[in-house]
Amino acid sequence: DAGVTQSPTHLIKTRGQQVTLRCSPISGHKSVSWYQQVLGQGPQFIFQYYEKEERGRGNFPDRFSARQFPNYSSELNVNALLLGDSALYLCASSSMSGGVSEQYFGPGTRLTVT
Amino acid sequence: QKEVEQNSGPLSVPEGAIASLNCTYSDRGSQSFFWYRQYSGKSPELIMFIYSNGDKEDGRFTAQLNKASQYVSLLIRDSQPSDSATYLCAVNDYKLSFGAGTTVTVRA
């Protein structure tokens with residue numbers, strides 16, 4: 001079975017622009033979480049969706065938004081990009097929300113804001 | 001105080017030795033704990049998780065949990081050069097809260 005897929009792999013944007021990142025979870029998984037990882041730090045939680053509903057939101061500004069589709073894929077949108085948004089954006093897939101459900105990461109999208 | 005703290009690295013061990021990684025967490029109510037391995041430029045890869053006090057073994061990896069001390073550790077036995085990576089400790093409370101990671105280098 002295919003693992004978590006993300007697109008695009010790399011992206012270069014200019015300050016003030018908007019970006020959309022995409023994620024497809026492992027087949028059968030209904031929960032998708034988004035994380036931001038800057039160099040030298042652990043991933044930071046942005047959003048979690050389960051069964052198309054938002055289950056949690058991390059400490060990120062309203063410029064960040066996300067949604068989950070009926071097929072459980074997800075998009076992360078970031079508006080009015082800042083230089084500090086440059087990071088590796090990770091999508092994680094799990095079968096359920098919370099508890100001991102393992103989260104499996106996709107390859108990530110490397111976003112560079114210039 | 002950070003939610004999850006890991007022992008600062010980098011950690012350098014000779015091939016065949018045991019690498020010991022430590023992690024403490026602040027929320028006494030935390031129930032499940034995960035260890036991920038991340039190679040440079042790649043995404044985190046799940047190694048194992050633990051939610052009961054005591055030891056849990058999986059191949060060359062052993063996770064140890066002590067909820068009273070709010071302490072989680074990962075032992076890598078018979079370390080190989082391919083184990084050279086950053087190891088991330090995470091607490092699972094529907095979302096994963098990560099430490100900053102410990103970079104391990106295994107010397108051949």
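The values are calculated or read from the model by the stated rules, or taken from the named source; none is laboratory data. All values derive from a computational prediction rather than experimental measurement. Every residue, glycine as well, gets a Cβ built from its backbone with ideal geometry; the counts of neighbours run over all protein chains shown. The area values use the complete protein model at the heavy-atom level, side chains included, leaving out ligands, DNA and RNA. Shrake-Rupley method; radii C 1.70, N 1.55, O 1.52, S 1.80 Å.
Tabulated results
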read-out	value
Residue (of A:L76, B:L75, B:M48) at the positive-pole extreme of the protein assembly as shown, dipole from beta-carbon charges	A:L76
Within 10 Å of each Cβ in A:41-50, the average number of Cβ atoms from other chains	5
27 Å Cα-Cα threshold exceeded, pairs from A:K52/B:K67; B:K42/B:K95; A:K30/B:K67; A:K52/B:K95	A:K52/B:K67; A:K30/B:K67
Accessible area of chain B belonging to carbon and sulfur atoms, whole % at 1.4 Å probe	46
Accessible area buried, both sides summed, chains B and A with 1.4 Å probe, Å²	1500
Nearest-20 debye value, chain B charge dipole, Cβ charges on Lys, Arg, Asp, Glu	100
Given 16 as the ceiling on other Cβ atoms within 10 Å, longest exposed-site-free region of chain B for GluC sites (Glu not before Pro) in DSSP loops	B:16-108
